[in-house]
Amino acid sequence: MSEDRQWRAIVASALDWEQSHVRLEGAVEGLPAELLGRRPTGLPNSIWEIVEHVRRMQRDLYLFCSSDNYVAPKSGADYWPPSAAPESEAAWRHSLANIREDRAKFAAWTVEANVDLPAKIPHGTGQTYLRTVLVAVDHTAYHVGQIVWARRLLGAWPVP
């Protein structure tokens, strides 16, 4: 494997690693459905809102990198769902499945794309491809921490 491909693989793996914290799937595993739309006291968002926000943001960052026809959302509100709870359990499962699928696509793109990752994205405003992948990593990690915190406040986090 070339040196370029090796470091691309390391960056791509960060989209889904469980090194210093639980990964997204572990943060929501075993979560009772009745808690998905509950906003814990002191926190502004429900777990559903956080997960759906992660899905929307990750997809947007992936499309920003991978699509020459990228169109930015109209406002920051477009990155958040309209309600605190999912419409159904199927909507919850669909959101999680989309996160996994988009994460896999983003990781594959990071390794295989015929672009110089440190280069600026032509349709951006100075962002690089590498920076955008790292924003996706950091953004998800931040929100996974919020999910764990929300579960603790709701009394629904496993005690080790």
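The values are calculated or read from the model by the stated rules, or taken from the named source; none is laboratory data. Remember, predicted model here, so these are calculated numbers, not experimental data. Using ideal geometry, Cβ is built from the backbone for each residue, glycine included, and neighbour counts are taken over all protein chains shown. Please note that ligands, DNA and RNA were not included when accessible areas were found on the heavy atoms of the full protein model with its side chains. Shrake-Rupley method; radii C 1.70, N 1.55, O 1.52, S 1.80 Å.
Against the criterion of being aliphatic (A, V, I, L, M) and either under 18 Å from residue 54 (Cβ atoms) or not in a loop (DSSP other than H, G, I, E, B) (or both), residue 97 qualifies. Inspect all residues belonging to region 29-36 and state whether any of them is among the small types (Gly, Ala, Ser), surrounded by 21 or more Cβ atoms within 10 Å (Cβ to Cβ) and part of a loop (DSSP other than H, G, I, E, B). Checked region 29-36: no residue is among the small types (Gly, Ala, Ser), surrounded by 21 or more Cβ atoms within 10 Å (Cβ to Cβ) and part of a loop (DSSP other than H, G, I, E, B). Selection of region 130-147 for residues being surrounded by 15 or more Cβ atoms within 10 Å (Cβ to Cβ) and under 12 Å from residue 50 (Cβ atoms) yields 139, 140, 143, 144, 146, 147. Filtering region 102-124 to residues that are part of a loop (DSSP other than H, G, I, E, B), open to solvent by 20 Å² or more (accessible area, probe 1.4 Å) and in contact (Cβ under 8 Å) with a residue 60 or more places away in the chain leaves only 124. For residues that are among the charged types (D, E, K, R) and either open to solvent by less than 50 Å² (accessible area, probe 1.4 Å) or under 18 Å from the mean Cα position of the chain (by Cα) (or both), scanning just region 41-74, find the one that is farthest from residue 104 (Cα to Cα). That would be 49. Does region 63-82 contain any residue that is charged (D, E, K, R), touching a residue at least 24 places away in the same chain (Cβ under 8 Å), farther than 30 Å from residue 7 by Cβ and assigned to a helix (DSSP H, G or I)? No, that holds for no residue. The combined condition, being under 30 Å from residue 2 (Cα atoms), over 18 Å from the mean Cα position of the chain (by Cα) and assigned to a loop (DSSP other than H, G, I, E, B), is not fulfilled by residue 158.
Say whether the condition of being touching a Phe, Trp or Tyr at 6+ places or on another chain (Cβ under 8 Å) and hydroxyl-bearing (Ser, Thr, Tyr) is met by at least one residue in region 47-69. Looking for residues that are touching a Phe, Trp or Tyr at 6+ places or on another chain (Cβ under 8 Å) and hydroxyl-bearing (Ser, Thr, Tyr), one finds at least one in region 47-69, hence yes. Selection of region 75-95 for residues being under 12 Å from residue 56 (Cα atoms), of a type outside the set (Asp, Glu) and surrounded by fewer than 17 Cβ atoms within 10 Å (Cβ to Cβ) yields 76, 77, 79, 80. With respect to residue 127, determine if the residue is modelled with pLDDT of 95 or more, in contact with a strand residue (DSSP E or B) (Cβ under 8 Å, 6 or more places away or on another chain), surrounded by 14 or more Cβ atoms within 10 Å (Cβ to Cβ) and not β-branched (Val, Ile, Thr). For residue 127, the condition - modelled with pLDDT of 95 or more, in contact with a strand residue (DSSP E or B) (Cβ under 8 Å, 6 or more places away or on another chain), surrounded by 14 or more Cβ atoms within 10 Å (Cβ to Cβ) and not β-branched (Val, Ile, Thr) - is met.
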